[in-house]
Amino acid sequence: MYTEISLENLRSSKLPHIWCPGCGNGIVLGAILRAIERSKIDKDKIVFVSGIGCAGRSSGYVNFNTLHTLHGRPLAFATGIKLANPELKVIVATGDGDLAAIGGNHFIHTAKRNIDMTVIVFNNFIYGMTGGQVSPTTPDGAYTTTTPYGEIEEPMDISYLAVASGATYVARETIASPFVLEKYILNGIIHKGFSLIEAVSSCVTEYGRRNNLEDPAAYIKWLKEKSMPYSKVNTLSIKDGIVVGEFVNEEKEEFTEKYYELLKKVKP
Amino acid sequence: MKELVISGNDAVAYGAIYAGCRFFAGYPITPSTDIAERMANLLPKNGGVFIQMEDELGSISAIIGASLAGKKAMTATSGPGFSLMQEGIGFASYSEIPVVVVDVQRVGPSTGIPTYPAQGDVMQARFGTHGSHPIIVVYPYSVQESYELIVEAFNLSEKYRTPVIFLSDEVIGHMREKVRLTQDLKVFERQKPTVPKEEYLPYDPNYDIPPFANFGEGYRFHITGLTHDETGFPTSNPVKAEALIERLHRKIYKNIDDIGRFETFYADDADYLIIAYGATARSAKDAVIELRNKGIKAGLLRPITIWPSLEKPIREIAEGKKVFVFEMNMGQYVLEVERIIKRNVEFFGKENGELITPEEMELCIQRSL
């Protein structure tokens with residue numbers, strides 16, 4: 001079933017967005033907005049939090065309570081918001097640099113707490129906003145402005161780290177399958193606890209042109225070809241492949257609920 | 001009214017609860033940790049939230065988020081953590097989100113001497129972040145004043161939509177004194193918008209301090225650390241950027257008389273004026289008494305508001321007097337005093353973990369006679 005993006009959920013006066021032609025981020029944002037529409041949650045109670053970078057700009061375009069935070073810190077801001085007012089539905093848009101590099105510590109600890117929020121990581125393997133530097137998820141051997149002779153570090157697997165850190169819903173999909181991505185985001189929104197959806201996006205301008213993926217359609221095709229369903233490979237992480245699917249979906253006591261239960265016991 | 005013998009750090013926690021603080025996020029660091037410990041005990045009893053975060057970057061971010069969701073929020077730290085919090089203080093200043101940051105100073109730079117007092121963060125409290133923004137910084141000199149001044153810190157923060165830095169030091173934080181937990185202090189609540197939701201501007205140019213809606217109340221506004229216009233959305237228009245930075249400064253400096261606090265002690269007829277704050281002001285009071293006993297007309301001006309500067313009171317009170325500045329650093333506030341009174345000032349400072357004693361102060365003044 002196809003869900004239309006309600007124009008009411010977009011701040012049309014702030015469009016067009018700043019993303020480059022051929023960028024995959026619009027596909028991810030579209031999936032987020034359709035998932036929100038399908039979830040039927042009260043729009044006034046949604047707080048859409050983002051960090052710094054290309055993905056971080058998404059908060060300016062959506063018509064909810066929106067917060068564009070500091071580089072790496074969206075999960076810490078989001079923790080304060082959710083704990084201060086548990087009625088609010090917190091959705092975080094972040095990128096591979098924002099979440100896994102400068103925000104890595106907050107990522108691990110927010111997942112560990114299993115606090116109710118939905119995190120969508122726009123993973124495009126690169127620092128796009130600053131002009132194409134290597135990121136924690138840049139594939140081995142890839143060329144960036146700061147790895148002019150090829151990346152020699154192993155890439156970090158964001159979903160794998162989320163699972164290890166205690167996230168209770170983790171899924172990964174690429175922009176080649178936007179409707180599956182949308183379904184995972186919807187599952188994450190419905191899920192009570194810390195949910196993380198890794199949306200593998202594209203960056204033709206900064207990543208593609210240095211790595212033989214300058215054509216946006218070919219880039220998406222490449223993502224599709226590299227995708228391997230989790231149900232078939234039965235392992236979360238594969239070198240040179242993108243394992244896609246739902247990795248974790250478990251019921252576990254949620255942090256905010258636990259905290260407010262504790263208050264009832266302590267209160268004199 | 002409850003009377004207790006408690007530490008300055010505990011008094012900060014009790015005062016914060018009285019002021020309506022219902023959210024604390026922090027990370028342990030000597031000599032501020034007992035504030036977090038006390039808040040961990042008090043907040044749940046008062047229906048509030050305490051969370052120990054993974055670091056100081058997370059702590060300052062979490063309290064900003066909590067404030068946006070409608071809670072009065074605080075964190076407490078010391079020098080090394082205060083350095084990490086600067087990015088968040090800049091964010092809260094620029095996007096005008098009320099929070100209170102307590103910095104119980106210890107010897108620095110770097111890890112320094114964690115258990116000994118210093119006053120080396122006076123300039124960091126003012127200029128620690130990048131970019132230009134005013135800030136309100138207050139500093140008590142006793143346990144009783146720690147209780148009352150933290151209430152004032154929350155009031156100023158909510159009233160002026162700004163982070164307020166509450167400086168303390170290892171002596172004030174760990175010293176125990178009798179405190180009256182006064183229950184008749186005024187508590188200021190955030191000014192809420194009254195316009196229809198679709199007309200709300202988070203940075204309404206008709207106000208120096210625009211009314212502030214909470215997230216979740218139906219206003220659906222945008223907050224960013226980018227330069228923004230009255231709608232809250234990013235702009236790189238120099239006219240809009242100018243309007244924002246100008247208003248940020250105006251809202252504080254225009255209200256300096258409302259914000260500024262100080263105490264004088266035998267200052268009126270003094271020939272020799274000591275300017276000292278925090279723990280150093282306690283030594284200074286003893287020095288003034290000793291010098292007066294010897295027939296030397298000494299007096300004290302104790303700034304309670306450190307920033308914005310008490311320009312008018314300092315200029316007026318220092319008029320015709322020889323001025324001495326004592327502080328537990330190698331010369332920070334003295335620069336501001338010299339800037340204000342435009343003449344040389346006698347300075348004595350150290351940051352070796354020792355208090356400046358009354359005897360050292362007397363010696364300084366007697367040598368200059």
Inset, instruction - Confirm whether A:ILE52 is touching a residue at least 40 places away in the same chain (Cβ under 8 Å) and among the β-branched types (Val, Ile, Thr). - result: yes
Legend entry - Members of the range A:235-268 found to be away from chain B (no Cβ under 14 Å) and either more than 21 Å from A:GLU154 (Cα to Cα) or of a type in the set (Asp, Glu) (or both), listed by number: A:ASP240, A:GLY245, A:GLU246, A:PHE247, A:VAL248, A:ASN249, A:GLU250, A:GLU251, A:LYS252, A:GLU253, A:GLU254
Legend entry - Selection count, the range B:5-23, where residues are among the aromatic types (Phe, Trp, Tyr) and outside any strand (DSSP E or B): 2
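Any residue that is among the hydroxyl-bearing types (Ser, Thr, Tyr), under 17 Å from the mean Cα position of the chain (by Cα) and part of a helix (DSSP H, G or I) - is there at least one of those in the range B:59-72? Even if it seems obvious, please write down each step before you answer.
At the first step, the residues of the range B:59-72 found to be among the hydroxyl-bearing types (Ser, Thr, Tyr) are B:59, B:61, B:67.
Still in the list and also under 17 Å from the mean Cα position of the chain (by Cα): none.
No: the range B:59-72 contains no residue that is among the hydroxyl-bearing types (Ser, Thr, Tyr), under 17 Å from the mean Cα position of the chain (by Cα) and part of a helix (DSSP H, G or I).
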Inset, instruction - Being surrounded by fewer than 24 Cβ atoms within 10 Å (Cβ to Cβ) and at the interface with chain B (Cβ under 7 Å from one of its Cβ atoms) is the filter here, so list the residues in the range A:94-109 that pass it. - result: A:ASN105, A:HIS109
Legend entry - Identity of the residue in the range A:53-82, over 19 Å from B:ILE63 (Cα atoms), part of a loop (DSSP other than H, G, I, E, B) and out of contact with any Asp or Glu (no Cβ under 6 Å at 6 or more places or on another chain), that ends up farthest from the other protein chains (Cβ to nearest Cβ): A:CYS54
Legend entry - Test result for A:PHE122, among the hydrophobic types (A, V, I, L, M, F, W, C), more than 15 Å from the chain's Cα centre (by Cα) and either part of a helix (DSSP H, G or I) or within 26 Å of A:ARG34 (Cβ to Cβ) (or both): no
Inset, instruction - Read through the list (1) among the aliphatic types (A, V, I, L, M); (2) within 11 Å of chain B (Cβ to nearest Cβ); (3) part of a helix (DSSP H, G or I), then give the number of the only condition that A:LEU33 fails. - result: (2)
Legend entry - the range B:34-68: number of residues that are over 15 Å from B:VAL99 (Cβ atoms), more than 7 Å from chain A (Cβ to nearest Cβ) and free of Cβ contacts under 8 Å to residues at least 40 places away in the same chain: 9
Legend entry - Those residues of the range B:69-97 which are aliphatic (A, V, I, L, M) and facing chain A (nearest Cβ under 9 Å), in sequence order: B:ALA69, B:ALA73
Legend entry - Total residues in the range B:112-138, condition touching a Phe, Trp or Tyr at 6+ places or on another chain (Cβ under 8 Å) and not in a helix (DSSP H, G or I): 10
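Can you work out which of the residues in the range A:83-93 that are within 8 Å of chain B (Cβ to nearest Cβ) and not acidic (Asp, Glu) is nearest to B:PHE23 (Cα to Cα)?
Filtering the range A:83-93 for residues that are within 8 Å of chain B (Cβ to nearest Cβ) and not acidic (Asp, Glu), the one nearest to B:PHE23 (Cα to Cα) comes out as A:ALA84.
So, in the range A:36-48, how many residues would count as being among the basic types (Lys, Arg) and either within 12 Å of chain B (Cβ to nearest Cβ) or closer than 19 Å to B:PHE221 by Cβ (or both)? So that I can check it myself, show each step before the final result.
Restricting attention to the range A:36-48, the residues satisfying the condition of being among the basic types (Lys, Arg) are A:38, A:40, A:43, A:45.
So of that shortlist, the ones also either within 12 Å of chain B (Cβ to nearest Cβ) or closer than 19 Å to B:PHE221 by Cβ (or both) come out as A:43, A:45.
Adding up the residues that qualify gives 2.
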Inset, instruction - Name the one entry in B:GLU246, B:GLU198, B:GLU230, B:GLU242 that is closer than 21 Å to A:SER59 by Cα, more than 9 Å from every other protein chain (Cβ to nearest Cβ) and modelled with pLDDT of 95 or more. - result: B:GLU230
Inset, instruction - Name every residue in the range A:113-171 that is of a type in the set (Phe, Trp, Tyr) and in contact with a Pro (Cβ under 9 Å, 6 or more places away or on another chain), in order of residue number. - result: A:PHE125
Inset, instruction - Being within 14 Å of another protein chain (Cβ to nearest Cβ), of a type in the set (D, E, K, R) and surrounded by fewer than 21 Cβ atoms within 10 Å (Cβ to Cβ) is the filter here, so list the residues in the range B:203-227 that pass it. - result: B:GLU217
Inset, instruction - Answer yes if at least one residue in the range A:110-118 is in contact with an Asp or Glu (Cβ under 7 Å, 6 or more places away or on another chain), outside any loop (DSSP other than H, G, I, E, B) and more than 9 Å from chain B (Cβ to nearest Cβ), and no otherwise. - result: no
Inset, instruction - Given the conditions (1) among the small types (Gly, Ala, Ser); (2) touching a Leu at 6+ places or on another chain (Cβ under 8 Å); (3) assigned by TED's automatic domain parsing to the domain that holds B:VAL143, report the number of the one that B:GLY216 does not fulfil. - result: (3)
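Inside the range A:23-50, can you point out the residues that are under 19 Å from the mean Cα position of the chain (by Cα) and of a type in the set (Val, Ile, Thr)?
A:ILE27, A:VAL28, A:ILE32, A:ILE36, A:ILE46, A:VAL47, A:VAL49
Please enumerate the residues belonging to the range A:182-236 that are aromatic (Phe, Trp, Tyr), assigned to a helix (DSSP H, G or I) and touching a strand residue (DSSP E or B) at 6+ places or on another chain (Cβ under 6 Å).
If the condition is that a residue be aromatic (Phe, Trp, Tyr), assigned to a helix (DSSP H, G or I) and touching a strand residue (DSSP E or B) at 6+ places or on another chain (Cβ under 6 Å), then A:TYR184, A:TYR230 are the ones that fit.
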Inset, instruction - Please verify whether the range A:1-22 includes one or more residues that are within 11 Å of chain B (Cβ to nearest Cβ), farther than 30 Å from A:GLU254 by Cα and under 19 Å from the mean Cα position of the chain (by Cα). - result: yes
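The values are calculated or read from the model by the stated rules, or taken from the named source; none is laboratory data. These figures come from a predicted structure and were not determined experimentally. Here the Cβ is made from the backbone with ideal geometry for all residues, glycine too, and neighbour counts use every protein chain on show.
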